[in-house]
Every structure is written in C-alpha cells, then in structure tokens.
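Following: one structure in structure tokens, then a few remarks.
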C-alpha cells in the first residue's frame with residue numbers, strides 16, 4: 001500500500017500538466033486501483049474463494065455423488081457434531097498441540113544455538129554451515145522414507161548404533177504408540193533446524209558489533225550479553241521464525257504419512273492427517289472441511305497475533 | 001493499465017481451461033494407475049493392439065493409485081471424464097454408488113466364462129460395472145533352503161504356522177513377516193486370517209475376528225514376527241524376506257519380479273494356512289477393474305465398452321497375466337496360464353476360493369477398513385482384541401454412510 005501512494009503522485013506530476021483538476025484526480029485513483037487490482041483479484045480467487053467454499057462445505061452433505069449431480073444439501077451442524085463427537089478428533093487435536101510445541105521448541109532451540117555458534121570465526125565455518133542446510137534441501141517425503149529406514153526397530157541404523165554403544169538397541173521408535181509421536185517430532189526437528197538457523201544467523205549479523213564491545217567493557221558475562229543484547233535485538237526475527245515455523249508445523253501432513261501413516265493405533269494422527277483421511281480416504285468432504293476449518297482458525301489466530309506484533313514494532 | 005489487464009486475462013484463461021474440454025471424436029482416453037514404467041509399457045502395448053483392431057486412437061493417462069478416485073471425481077464435476085477408468089476393485093463401488101458408471105451388460109459385455117466370484121468382484125449391488133483382466137490374491141511365500149535346512153514342512157494350519165515360524169526364528173531372522181501397517185495393505189493382509197476363521201466385515205466384534213487377531217498376537221508374543229510389522233507396507237515385507245530377515249512371508253504375486261532379481265534366493269509359494277485342518281483358506285481378491293464412466297454420450301460409451309472388451313479378451317488377459325504374474329479372470333485363460341506357470345499354481349487355487357472385500361459392505365468399505373486398521377494396530381501393540389474390535393465396530397457403523 002505504501003509503495004503505491006508514493007510512486008503514483010510522481011507519475012501524476014509528469015502527465016497531468018494543464019488539465020482540469022478533477023480528471024487527473026480520477027485518473028490517479030483509477031491507476032491506483034489498477035495497480036492493486038491484480039493482487040486483489042488473485043487473493044479473492046485463490047485464497048478468498050477456497051476459504052469461503054471450505055466454510056460453506058462444512059455445513060453441507062458433500063459426498064462423491066455431489067460431483068455428478070452438483071447437489072450438496074445443507075445439513076446444519078451435522079458434520080461439526082459428527083467430527084467433535086469422534087474420539088479421534090480429540091486425540092488428533094492433542095497430538096497436534098504436542099507435535100507443534102515439541103517441534104518448535106526443538107527446532108528453535110537448536111537452530112538458535114547453532115546460529116550463535118556460527119557467528120564465531122573458525123576454519124571450515126562456511127562449509128559446515130552449508131552442510132547443515134542439507135535437511136532443508138531434501139524433499140519432505142524423501143526425508144520421511146529415509147528416516148523410516150533409519151528408525152526401523154530391527155534393521156534400522158539408529159538401533160544398531162545404540163546397540164554398539166551398549167544402550168540397548170531395541171527402541172520401538174515408530175512401532176509403539178508410546179514413542180511414535182516423539183520419533184516423528186524428532187524427525188521434524190531435524191528438518192526444521194536449517195530454516196531456524198539461517199534466519200536467526202541472518203538476524204545476528206544485523207546486531208551492531210559495538211554493542212558487544214560495550215558490553216565487554218562493562219564486564220558483562222557471555223550469558224548476560226546474550227540475554228541483554230542479543231535476544232532483545234533479535235526479537236523481530238524471532239517472531240518471524242516462530243510464527244512461520246508454527247504455520248508450517250501445525251498443518252503437517254506429508255511427513256507423517258511417509259513415516260507412520262498416522263499409526264500405530266492412531267498415535268500419530270494430527271488434524272492434518274485427519275483432514276486428509278476424512279476427505280480423501282473416506283470421501284466425506286463435509287467432515288474433512290470441518291477439521292480443515294479448525295486448522296484455518298488456529299492459524300488465523302496466530303497470523304493476527306503476528307501482524308499485530310509487527311505493527312507495534314513498526315511504530 | 002496493462003499489468004492488471006494481462007493478469008485478468010491470465011486468470012480468466014486459467015479458470016476456463018479448468019472447465020469442460022471438447023472431446024476429440026477419434027481419440028479415446030483410458031485413465032489408470034500404471035505409473036510404473038513396466039506396467040505403463042504393457043498397457044500402452046495392449047492399447048495399441050486394441051486401437052488397431054478397433055480403428056481408434058487410444059491414449060493412456062496414468063496417475064498414482066491413491067489419486068485415481070479423486071482425479072475421477074474432479075473430472076466428473078468438470079464434465080471431462082475419460083472413456084475408460086481402471087479402478088482398484090475396492091474403490092469401484094464408491095464411484096458406482098455415486099452414479100458414475102454404466103452397466104457393462106447393457107453395453108454388450110458378456111460374463112460368460114468369468115467365474116462367479118470374479119463377476120461379483122466387478123459388481124456393485126448386482127450390477128456388473130467392472131471387467132477384470134486379471135486378479136491377484138495373497139499367498140504364503142517361503143524360503144525353501146531355510147525350511148530344508150531345518151527339516152521343516154510347509155505349514156498348512158495356524159498351529160503348524162506358529163510352530164514352524166518359531167523354529168525358523170534365529171538371531172536377527174524372524175520366522176515370518178507380514179504387513180500390519182496402518183493403511184489398506186495391512187487390512188488386505190488381515191482378511192485371509194479373518195475370513196478363514198469365519199469372521200465377517202459386517203460385524204467386527206465377534207470371536208472369529210478376535211481369534212484371527214489373537215493368532216497374529218501369538219506370533220509377536222513368540223518373537224516369530226517383528227513388532228515393526230505395524231509400520232511395514234507389503235513392499236517392506238518383501239524387502240525383509242529378500243534380505244533374509246524373514247524365512248516366510250505373506251505377500252502377493254506382484255513381488256515376483258523383484259524376488260527373481262535375487263538369484264540365490266530359492267522361494268516357493270503355498271496357500272495361506274487355515275485355523276485347523278480341513279478349513280477353507282479364503283483370501284482377498286485384489287486387482288483392478290475396467291469401467292466405463294457415465295459421460296452421457298451413448299455412442300462413445302458403446303465404443304468405450306469395445307475397448308474394455310478388447311482389453312479383457314482371453315488373449316490380452318493371458319498376456320497381462322504373464323507380465324504382471326497375476327491370474328487371468330477368464331476360466332479358459334486361467335487354465336492356459338496355469339499350464340504355463342506351474343510354480344504359481346498355489347495362487348490360482350487361492351484365487352478360486354478368494355472373495356472380494358466389497359461384496360458385503362459395498363461403498364462402506366473405506367470406513368470398515370479404517371476402523372479395522374486402528375483396531376489391529378491397537379491390539380498388536382498391547383490392548384485386548386475383544387475390546388478394540390468392539391470399538392472398531394462402533395466406528396465402522398457410526399462414521400460411515402449406511403449401505
């Protein structure tokens with residue numbers, strides 16, 4: 001918005017000379033709208049329409065026959081009560097919370113530690129940094145398939161490694177309902193570290209060196225410097241990392257499908273996999289839309305918090 | 001003003017191409033899941049032969065198996081359905097139930113020579129919608145060398161199976177491998193145990209179904225079956241068998257090509273063991289059926305049926321069966337095939353008594369399947385069979401739309 005209002009008057013000054021004041025004003029407004037229109041059309045078509053459609057669909061009986069006769073009668077809150085009365089929904093909601101919080105804490109903690117570590121100058125710094133980026137480059141499904149082999153109870157590398165260390169190599173990583181969710185979080189942390197590290201590393205580069213010198217002159221300890229200089233100056237970047245991390249974690253689907261298919265015994269079902277299962281396995285699109293809407297609602301709350309945080313930073 | 005105009009134009013054209021496409025009179029399309037290079041090639045060759053015979057151009061479009069249904073539904077709503085769709089037999093009732101398929105008999109396809117079980121396999125509520133070229137099922141694969149070394153015979157009953165598996169378990173090697181994964185693979189593998197024990201998918205909370213589940217639990221308790229079974233697909237099971245981590249496995253003939261790549265592995269197949277001597281081993285019929293979707297263009301639909309007839313003709317069935325190691329649907333074709341590959345005869349026997357997953361519950365199968373997956377995974381990871389099956393039955397009938 002701000003770029004539009006600053007560039008347009010310049011254009012207006014060069015073209016408007018000598019005409020009655022009303023016409024240039026109208027032209028200016030028209031061209032302003034002209035610049036905004038593509039974005040508005042795009043947003044309405046590709047975000048607004050599906051969003052509204054999804055909300056409407058959650059109140060409809062939307063089944064395979066709808067695709068043929070186009071009939072999808074409204075059924076009130078039937079879909080909603082069906083989903084909320086299903087034990088699986090409560091389970092999936094809880095798993096989503098655990099998965100999201102666990103992933104964010106792990107990714108962010110390790111990502112920040114690595115980012116701070118790499119601000120030091122040492123040989124091979126650049127090489128190691130690019131090596132850590134690897135998980136980010138691997139497609140999610142490929143990571144899932146590779147990790148499924150690594151975590152296999154009998155033939156997986158991780159268990160045989162633990163065995164040689166004498167740690168008892170028989171952990172049922174993905175095959176026990178008690179540990180599967182934890183293992184899935186572990187893999188997602190591995191995948192998320194590079195993103196957190198790169199953004200935080202970028203943020204750390206922005207912190208003026210003089211502040212660290214001043215802190216050193218004041219005799220501040222490393223921890224005190226980190227808490228009073230690094231963290232406050234990094235806050236805007238931290239907000240971005242956490243919110244973006246949250247958005248991509250809360251709707252997780254591909255990783256879980258590749259690792260466990262939601263099992264064993266539904267112990268890794270999340271809202272994402274439940275939407276998928278409802279819509280594309282059971283072909284109950286109404287129920288799928290309900291779970292999808294719950295996900296959108298959760299994301300929207302965080303998006304608003306993010307926007308508000310950013311606005312107050314700007315002032 | 002140019003950018004917005006261009007953008008609107010782009011948006012409009014994108015929106016329009018998503019809608020109905022004009023069908024080309026001389027070109028017919030077949031939608032299938034033959035995304036593997038070998039299957040895609042076999043089908044392309046078959047379509048070329050049929051196209052030549054009928055004087056048509058036939059195009060093949062392949063999407064991953066999991067997307068055939070959703071792709072077809074989307075094509076239905078945009079009125080751009082292909083002329084022939086090859087559905088997995090367990091999915092066909094859903095599409096038929098929505099009113100999307102044409103009765104093949106009214107289009108002039110006969111079911112003579114096709115065994116009753118296989119006609120049922122392609123039928124929904126008594127109407128014949130899908131012609132199978134070949135069918136497959138599960139069998140017991142065993143490592144001949146390992147059984148010989150241990151001086152053991154191929155098990156035929158559950159008690160023998162448990163005993164043999166236990167005796168073949170040594171060090172890192174398990175006696176048997178099977179898939180109890182949380183997807184259709186696992187349910188497909190559970191059905192021969194459930195059905196041979198008199199269980200029924202319409203009522204999961206019975207002693208018969210629980211008995212089958214307890215048989216699996218027993219194998220795990222003995223240490224003859226890896227706990228990882230709950231995370232294995234049928235392809236994973238095959239990998240374990242080939243790597244020598246399992247002496248026997250439950251699997252299907254589609255693994256044969258892969259198995260044969262390992263020259264020093266001597267494997268054979270037998271029928272899946274039954275609860276007690278004299279019982280019938282009832283396996284699940286698997287495979288795909290060729291259907292004609294309702295496009296509303298009568299002449300095209302009739303031509304589509306001719307394509308289906310050609311692809312499911314005796315000669316094409318034998319060719320396809322030979323390639324994909326599945327059993328021809330037609331009785332005469334099956335006889336010819338059996339003479340040709342005697343080593344797979346156990347498979348033909350198993351097919352003769354096998355039954356379709358959807359005969360009894362129809363379009364409700366996906367709900368039953370999901371409930372069952374969750375149930376056997378809970379049982380295999382420690383809960384009681386009776387309790388989880390009772391819950392599964394509630395979920396299977398509560399969640400789905402009734403038959």
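The values are calculated or read from the model by the stated rules, or taken from the named source; none is laboratory data. The structure displayed is predicted, hence computed values, not measured ones. Don't worry about glycine lacking a Cβ; one is built from the backbone with ideal geometry, like all the others, and counts go over all protein chains shown.
Overview of values
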quantity: Matching option when the condition is within 12 Å of chain B (Cβ to nearest Cβ), in contact (Cβ under 8 Å) with a residue 40 or more places away in the chain and either over 30 Å from residue B:364 (Cα atoms) or outside any helix (DSSP H, G or I) (or both), among A:99, A:62; calculated: A:62
quantity: Residues of region A:205-227 satisfying the condition of being in a loop (DSSP other than H, G, I, E, B) and either in contact with a strand residue (DSSP E or B) (Cβ under 6 Å, 6 or more places away or on another chain) or surrounded by fewer than 15 Cβ atoms within 10 Å (Cβ to Cβ) (or both); calculated: A:208, A:218, A:219, A:221
quantity: Unmet requirement for residue A:306, which otherwise passes all of (1) assigned to a helix (DSSP H, G or I); (2) surrounded by 16 or more Cβ atoms within 10 Å (Cβ to Cβ); (3) modelled with pLDDT of 90 or more; calculated: (3)
quantity: Among the residues listed as B:99, B:117, the single one being outside any strand (DSSP E or B), at pLDDT below 95, more than 23 Å from residue B:39 (Cβ to Cβ) and within 14 Å of another protein chain (Cβ to nearest Cβ); calculated: B:99
quantity: Residue in region B:197-213 that is within 14 Å of chain A (Cβ to nearest Cβ) and assigned to a helix (DSSP H, G or I) present; calculated: yes
quantity: Selected residue (criterion: nearest to the other protein chains (Cβ to nearest Cβ)) from residues of region B:55-68 that are surrounded by 15 or more Cβ atoms within 10 Å (Cβ to Cβ) and modelled with pLDDT of 95 or more; calculated: B:68
quantity: Residue A:88 vs. criteria closer than 30 Å to residue A:185 by Cβ, within 29 Å of the chain's Cα centre (by Cα), assigned to a helix (DSSP H, G or I) and at pLDDT 90 or above; calculated: yes
quantity: From the options B:350, B:383, B:317, residue that is touching a helix residue (DSSP H, G or I) at 6+ places or on another chain (Cβ under 8 Å) and either closer than 25 Å to residue B:195 by Cα or in contact (Cβ under 8 Å) with a residue 60 or more places away in the chain (or both); calculated: B:317
quantity: Residue in region B:69-84 that is assigned to a loop (DSSP other than H, G, I, E, B), buried (at least 19 other Cβ atoms within 10 Å of the Cβ), away from chain A (no Cβ under 14 Å) and touching a strand residue (DSSP E or B) at 6+ places or on another chain (Cβ under 7 Å) present; calculated: yes
quantity: Any hit, region B:323-339, residues being surrounded by fewer than 23 Cβ atoms within 10 Å (Cβ to Cβ), on the phi > 0 side of the Ramachandran plot and within 14 Å of chain A (Cβ to nearest Cβ); calculated: no
quantity: Hits in region B:349-376 (condition: part of a helix (DSSP H, G or I), more than 14 Å from chain A (Cβ to nearest Cβ) and either surrounded by fewer than 24 Cβ atoms within 10 Å (Cβ to Cβ) or more than 16 Å from the chain's Cα centre (by Cα) (or both)); calculated: B:349, B:352, B:353
quantity: Some residue of region A:279-288 being within 14 Å of another protein chain (Cβ to nearest Cβ), closer than 25 Å to residue B:232 by Cβ, assigned to a loop (DSSP other than H, G, I, E, B) and in contact with a helix residue (DSSP H, G or I) (Cβ under 9 Å, 6 or more places away or on another chain); calculated: yes
quantity: Enumerated helices (runs of 4 or more DSSP H) restricted to region A:228-278, each holding at least 3 residues that are over 12 Å from residue A:184 (Cα atoms); calculated: A:231-250, A:271-276
quantity: Hey, residue A:43 in contact (Cβ under 8 Å) with a residue 40 or more places away in the chain and either over 25 Å from residue A:266 (Cα atoms) or in contact with a helix residue (DSSP H, G or I) (Cβ under 7 Å, 6 or more places away or on another chain) (or both) or not; calculated: no
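For every residue, the table says whether it meets (1) within 11 Å of chain B (Cβ to nearest Cβ); (2) more than 30 Å from residue A:197 (Cβ to Cβ); (3) within 14 Å of the chain's Cα centre (by Cα).
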{"position": "A:237", "(1), (2), (3)": "no, no, no"}
{"position": "A:292", "(1), (2), (3)": "no, yes, no"}
{"position": "A:302", "(1), (2), (3)": "no, no, yes"}
{"position": "A:307", "(1), (2), (3)": "no, no, no"}
